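Data block below; observations after.
The values are calculated or read from the model by the stated rules, or taken from the named source; none is laboratory data. Here the structure is a predicted model, which is why all the values come from computation and not from measurement. With ideal geometry, Cβ positions are generated from the backbone for all residues, glycine too; neighbour counts draw on all protein chains shown. Keep in mind that these areas ignore ligands, DNA and RNA; they rest on the heavy atoms of the full protein, side chains included. Shrake-Rupley method; radii C 1.70, N 1.55, O 1.52, S 1.80 Å.
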Amino acid sequence: MSNQPMGNQTNIWPLWEVFVRSSRGLSHVHAGSLHAPDAEMALRNARDLYTRRNEGVSIWVVPSEAITASDPDAKGSFFESPQGKDYRHATYYTKSEGVKHL
Amino acid sequence: MAAAPLQPVAAEASEEDRAGQAAFDRIIADDSRIEPTDWMPEAYRKTLTRQISQHAHSEIIGMQPEANWITRAPSLKRKSILMAKVQDEAGHGLYLYSAAETLGTPRDVLNQQLLDGKAKYSSIFNYPARSWADMGAIGWLVDGAAIANQVPLCRASYGPYGRAMVRICKEESFHQRQGFEILLELSHGTPEQKKMAQDAVNRFYAPALMMFGPPDDDSPNSKQSMAWNIKRFSNDELRQRFVGMIAEQVKVLGLTLPDPELRFDEETGKWIHMELDWQEFKDVIAGRGPCNAQRLERRREAHANGAWVREAARAYAQKAGQRKMQKAGAA
């Protein structure tokens with residue numbers, strides 16, 4: 001397949017990940033990604049693309065390359081196994097059940 | 001997100017592939033979601049890249065039949081609505097390219113496949129929009145069929161695709177309603193207007209039903225897609241469900257569907273519709289529809305005409321970056 005965009009330039013704008021805060025007091029949540037030449041234009045594009053219906057009061061854009069993700073194959077060893085550690089949950093303590101305000 | 005590079009298919013599965021396949025099978029069996037950094041079979045990646053990019057291309061090409069009517073909308077209200085809808089289609093295309101890209105193929109490669117005429121998109125957009133009533137029929141029937149198709153895709157096993165579909169479905173319901181209301185207004189207007197509405201419904205009925213794809217016994221990829229939890233219902237199942245919905249809705253419009261065989265079969269609990277012209281479907285997909293050449297030509301032209309915008313944005317970003325550095329140096 002030809003990889004020659006029409007026009008004279010072939011390099012693509014960098015990829016940005018977009019995070020939108022839907023209202024004050026909530027976290028920014030990943031909405032998707034877009035291409036833009038710099039951070040300011042990424043913000044403007046993100047506003048046009050991901051908040052056409054008042055979906056947000058704040059947007060973050062982050063260069064996709066700047067994100068380091070955990071290795072999905074390392075699930076078992078990377079995330080501590082909850083096995084045998086029930087005592088970290090309040091539900092482990094049954095004798096106090098029924099005691100008020102506890 | 002930075003996706004894993006495409007892995008060449010090894011003649012013999014490595015230890016890693018076997019472990020990856022086992023984890024993949026478990027996730028699918030649990031009806032859970034696959035994410036971009038997970039191991040996935042090459043065929044799964046390829047199928048999804050094709051399906052999501054075709055879906056994105058359909059949204060982008062789908063802007064054209066309606067955009068042609070923006071300047072001729074009968075009122076300012078209708079014009080504003082139509083512009084918002086066409087803008088949504090552009091947005092939907094971008095959500096989907098964003099999802100497709102997580103599978104490892106860059107966006108400009110996908111875009112180039114469309115411009116080169118090598119990629120497919122929904123056959124429905126190769127039919128002309130001849131009258132204002134077509135804006136109604138497209139919203140009601142075409143967007144209606146798209147919604148029936150897309151709602152189950154919100155649960156597709158590939159995470160980024162499912163999430164894009166959730167966003168799209170939320171926005172799509174306004175599209176169908178505005179179309180329905182255009183037809184409703186016309187069908188309660190003058191006899192000429194009612195005739196125009198009926199004519200639009202007549203022309204879009206069969207092509208809209210064909211949007212669900214070929215019949216189940218002629219849809220070779222469906223089985224694998226269902227096994228992978230990408231597709232949840234068969235083409236025929238979704239089609240008969242959709243026919244049942246519009247068979248009721250058309251009564252509210254005071255119009256009729258051009259289908260003498262349409263009936264509800266008590267025995268099977270399914271809707272029966274007329275035989276569709278699958279040769280026509282294949283011809284349109286293969287590029288021999290009424291508007292294929294025109295649609296692609298328009299897309300190429302729009303892309304070429306936008307070149308200066310892309311260049312200007314790049315130059316602006318460069319200049320702004322330099323200015324920032326100078327400022328930082330001076331301080």
Original post:
If B:Ala148 satisfies every condition in (1) modelled with pLDDT of 95 or more; (2) open to solvent by less than 10 Å² (accessible area, probe 1.4 Å) but one, which is the exception?
Top reply: (2)
Subject >> Which listed residue, of B:Arg45, B:Arg50, is among the charged types (D, E, K, R), over 16 Å from B:Gly139 (Cβ atoms) and open to solvent by less than 20 Å² (accessible area, probe 1.4 Å) >> reply: B:Arg45
Subject >> Options B:His92, B:His55; residue that is modelled with pLDDT of 95 or more, assigned to a helix (DSSP H, G or I), of a type outside the set (Lys, Arg) and open to solvent by less than 10 Å² (accessible area, probe 1.4 Å) >> reply: B:His92
Subject >> region B:124-141 residues that are in contact (Cβ under 8 Å) with a residue 12 or more places away in the chain and farther than 22 Å from B:Lys282 by Cβ, paired with ones that are surrounded by fewer than 24 Cβ atoms within 10 Å (Cβ to Cβ) and of a type in the set (S, T, N, Q) (beta carbon under 8 Å, 6 or more apart) >> reply: B:Ala129/B:Asn68; B:Ala133/B:Gln193; B:Gly139/B:Gln176; B:Gly139/B:Gln178; B:Trp140/B:Gln176; B:Trp140/B:Gln249
Subject >> Flag if B:Ser157 is crowded, with 20+ Cβ neighbours inside 10 Å, away from chain A (no Cβ under 14 Å), touching a strand residue (DSSP E or B) at 6+ places or on another chain (Cβ under 7 Å) and in contact (Cβ under 8 Å) with a residue 12 or more places away in the chain >> reply: yes
Original post:
Between a first residue in region B:249-260 that is at negative phi and among the β-branched types (Val, Ile, Thr) and a second residue that is surrounded by fewer than 17 Cβ atoms within 10 Å (Cβ to Cβ) and at pLDDT 95 or above, which pairs have beta carbons less than 9 Å apart while being 6 or more apart in sequence or on different chains?
Top reply: B:Val250/B:Thr256; B:Thr256/B:Asn202
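Go through region B:186-284 and tell me which helices (runs of 4 or more DSSP H), entirely inside it, have 1 or more residues that are polar (S, T, N, Q) and either farther than 24 Å from B:Asp143 by Cβ or open to solvent by less than 20 Å² (accessible area, probe 1.4 Å) (or both). Lay out the reasoning, then the answer.
Details: elements: B:191-210, B:222-227, B:235-253, B:278-283.
Answer list for region B:186-284: B:222-227, B:235-253, B:278-283.
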Subject >> Check on B:Gln326, at pLDDT below 95, within 14 Å of chain A (Cβ to nearest Cβ) and assigned to a helix (DSSP H, G or I) >> reply: no
Original post:
With (1) within 21 Å of A:Arg53 (Cα to Cα); (2) touching a Phe, Trp or Tyr at 6+ places or on another chain (Cβ under 7 Å) as the list, and B:Gln87 as the residue in question, which single condition is left unmet?
Top reply: (2)
**OP:** Can you run down the residue pairs with Cβ atoms below 7 Å, 6 or more apart or on separate chains, where the first is in region A:37-66 and in contact (Cβ under 8 Å) with a residue 12 or more places away in the chain and at the interface with chain B (Cβ under 8 Å from one of its Cβ atoms) and the partner is assigned to a loop (DSSP other than H, G, I, E, B) and surrounded by fewer than 19 Cβ atoms within 10 Å (Cβ to Cβ)?
**Re:** A:Ser64/B:Met1; A:Ser64/B:Ala2; A:Glu65/B:Ala2
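What number of residues within region B:65-78 are open to solvent by 10 Å² or more (accessible area, probe 1.4 Å) and either closer than 18 Å to B:Ile147 by Cβ or out of contact with any helix residue (DSSP H, G or I) (no Cβ under 6 Å at 6 or more places or on another chain) (or both)?
Final tally of qualifying residues: 8.
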Original post:
Restricting region B:59-97 to residues that are under 23 Å from A:Ser33 (Cβ atoms) and touching a Leu at 6+ places or on another chain (Cβ under 9 Å), which is farthest from the other protein chains (Cβ to nearest Cβ)?
Top reply: B:Ile61
